Amino acid sequence: MQAEQTRLARVIWFILWLVLLASVVIATTLLVTPYPLIKGFLDSQTPDGNLESFTPGFFDRLRQVMIFAIGLGVLLVASGWYFRAPVQRYISTLPGNSLAFLKRIIKDARQISKSIRCLETERRYLFGLVLITALGGLVRGIYLMQPMRYDESYTFLVFARRSFEFMTSNYHLPNNHVFHTLLVGLFYRLFGASPWVLRLPAYLSGVLSLPLTYLLSSRLYNRKIALAATALLAVASFNIEYSSMARGYTLQLLLILIAALAAVYLTRHSSIIAWMGFILSLALAFYTLPTTLYAAGGLGIWLVANALTKNIRPSQSRKKIAIGLTISALAVSALTLLLYLPVFRNHGWNALSANFFVRPLDPADFWNELSVAWLVIWRAWVRDLPGVVAMAMGIGFLGSLFQPLINKRFRLPMFLSILLWSLPVLIIQRVVPPPRVWIFLLPFFLIEVAAGWGAIIRVLLRLWKKPNYEFPRQLETVYIASVGLITMLLAWNVVQSGTILTSGQTGTLPEAEQITDYLAGKLQPGDVVASSVPSNYPLRYYFYRQGMSEDLLYAPGMGDEFGRVWVIVNSKHGQELVSVLEQTRLTGWVDTTMPITIVQFGQAELYLLEKK
């Protein structure tokens, strides 16, 4: 019986290895074959003798994918031959291994379930968490019906309302946060195109990130720190703004928090399910935004640091962590490449790695921008918070340098590990991302701020010669109530400031809906409406919502096939009539000697111009 299994394993291995080798040979042959020969063969197989979709541009993009596939195939062929003996032994034991694997999965599931039950916190802290999460959901929900902005309007009109195939394959601009776009497209098909519907994926991600932040910080530190960190995130104006905008940043944040929780769990348990969760969450985060690279590498460094400093249980080992991280890196890379394969096929590798927004800066410009980037990010993170709270956050972050006093398990903060990874990557890339790219990092920063406050209190207690002092139950109740009350006051301060509604993040035309309503009753046959970035796509969205033809919106290249021109000038973004006409290429077609200002809508002006 054993001999038969061994012979069968050798046959199965040889067939698989041969198929892989043949695939590499075929792919290499196609790679070196000239385009005209392949085109001629494919044309001969079609009824009309012309396969129009197989263009030279498509072939060039296909070659880029094939080069990667061939390289991976050669590596697998060589590895398969070199390690043929252990692979054959593994194949021979597959029936038994499958049963053992199933038992392991069941055991892991029970262990995770037990760990979740152990997370049940005191009712007082649970009440505080529910209150803070509800406040966070409420303050984010207030902005779900704010006017649509440029980026989110573009996401819906260009990607999310199209077919799912189009969403997953078109990446002409990195505006397409693909996984988030798919969710927006799904919600649109289920519930319609209202602003609140399109923003639901981002909103739900933003709200769910609050309890996940609590879970993560409670595992890293304790419940008191967790409650404070969650409260800070609940009232973070920058996070609130992007939680009520149809963009993928808060979805990326949610997925990275899941990966971070899995990483913490893996320091205590050897779990296949946890590794799978780690891999899947990071792959989906990459599928949302490629900038997940900054977080993924940081979490890997954090796990390595804990393995090297022996901050892992005996059930885990350095070898298991190393093997798990290696497999995870390969699996996340493979899954990400597989998910982006339709994009690579249509646009090539450069769509992600060398688009306009990630082109390297000149060294001097890079260092100049990097030197002030931290200040820009800090201002975004403390926006709408009273000065005393911002100062306390700064002190808390400095206090986090003493966090080993309260954290004997995890000496390296996750926030620091992400920075240690991200800075060299940025230097290699020579790019300085805008603050919104770092939204995923905000919870990790706030956790360290809250931990710093705890460390400062511990230092004071040591000076008071009471290092082991435990706060009485009544004082903890006062603390929870105080955190809840302060959260309410800070949330009210955010709403009262009006900053989110007046923010110019991602481009705005707040008056787009009013302008659309006005034009609906004024447009005559032959009229067109001209606007430029960032006014054009919010206006196009509300035209779509009103059922008005988008052909009424003038676009460069339409020529002079129009009568009158209604021009929207968005002074909030520094526009003037002349600049809008230049950007829409209307300067030579209209008479600008006597522009007629029809009406003023807030910071937007509406002009009516006659054709020359």
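Tally time: how many residues in the stretch 165-187 are open to solvent by 50 Å² or more (accessible area, probe 1.4 Å) and either more than 22 Å from residue 545 (Cβ to Cβ) or over 19 Å from the mean Cα position of the chain (by Cα) (or both)?
The number of residues fulfilling the criteria is 3.
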(message) Residues to consider are 127, 164; find the one that is within 24 Å of residue 281 (Cβ to Cβ) and at pLDDT below 95.
(response) 164
(message) Given the criteria among the polar types (S, T, N, Q), open to solvent by less than 10 Å² (accessible area, probe 1.4 Å) and within 18 Å of residue 508 (Cα to Cα), does residue 155 qualify?
(response) yes
(message) Quick check on my filter: what residues within the stretch 163-184 are touching a residue at least 12 places away in the same chain (Cβ under 8 Å) and over 15 Å from residue 251 (Cα atoms)?
(response) 164, 165, 167, 168, 169, 170, 171, 172, 173, 174
(request) Considering each of 413, 404 in turn, give the residue that is touching an Asp or Glu at 6+ places or on another chain (Cβ under 7 Å), open to solvent by 10 Å² or more (accessible area, probe 1.4 Å) and modelled with pLDDT under 90. (result) 413
(request) Restrict the check to the stretch 440-458 and report whether at least one residue is in contact with a Leu (Cβ under 7 Å, 6 or more places away or on another chain), part of a helix (DSSP H, G or I) and of a type in the set (Phe, Trp, Tyr). (result) yes
(message) For the stretch 284-307, check the following and say yes or no: at least one residue is open to solvent by 20 Å² or more (accessible area, probe 1.4 Å), over 26 Å from the mean Cα position of the chain (by Cα), more than 17 Å from residue 415 (Cβ to Cβ) and at pLDDT below 90.
(response) no
(request) Please go through the stretch 329-357 and pick out each residue that is open to solvent by less than 50 Å² (accessible area, probe 1.4 Å) and either within 20 Å of the chain's Cα centre (by Cα) or closer than 23 Å to residue 255 by Cα (or both). (result) 331, 332, 336, 337, 340, 342, 343, 344, 351, 352, 354, 355
(request) Output the residue which, of all residues in the stretch 44-59 that are modelled with pLDDT under 75 and under 32 Å from the mean Cα position of the chain (by Cα), is most open to solvent (accessible area, probe 1.4 Å). (result) 58
(request) Scan the stretch 541-572 for residues that are at pLDDT below 90, assigned to a helix (DSSP H, G or I) and open to solvent by 70 Å² or more (accessible area, probe 1.4 Å) and jot them down. (result) 551
(request) Have a look at 578, 529 and point out the one that is touching a residue at least 24 places away in the same chain (Cβ under 8 Å) and either among the aliphatic types (A, V, I, L, M) or not in a helix (DSSP H, G or I) (or both). (result) 529
(message) Criterion first (surrounded by fewer than 24 Cβ atoms within 10 Å (Cβ to Cβ) and modelled with pLDDT of 95 or more) does residue 197 satisfy it?
(response) yes
(request) Taking the options 258, 225, name whichever one is surrounded by fewer than 24 Cβ atoms within 10 Å (Cβ to Cβ), aliphatic (A, V, I, L, M) and touching a Ser or Thr at 6+ places or on another chain (Cβ under 8 Å). (result) 258
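The values are calculated or read from the model by the stated rules, or taken from the named source; none is laboratory data. None of these values were measured; they are calculated from a predicted model. Note: ideal-geometry Cβ built from the backbone for every residue, glycine included; neighbour counts use all protein chains shown. We work out accessible area using only protein heavy atoms, side chains counted, and drop any ligands, DNA or RNA first. Shrake-Rupley method; radii C 1.70, N 1.55, O 1.52, S 1.80 Å.
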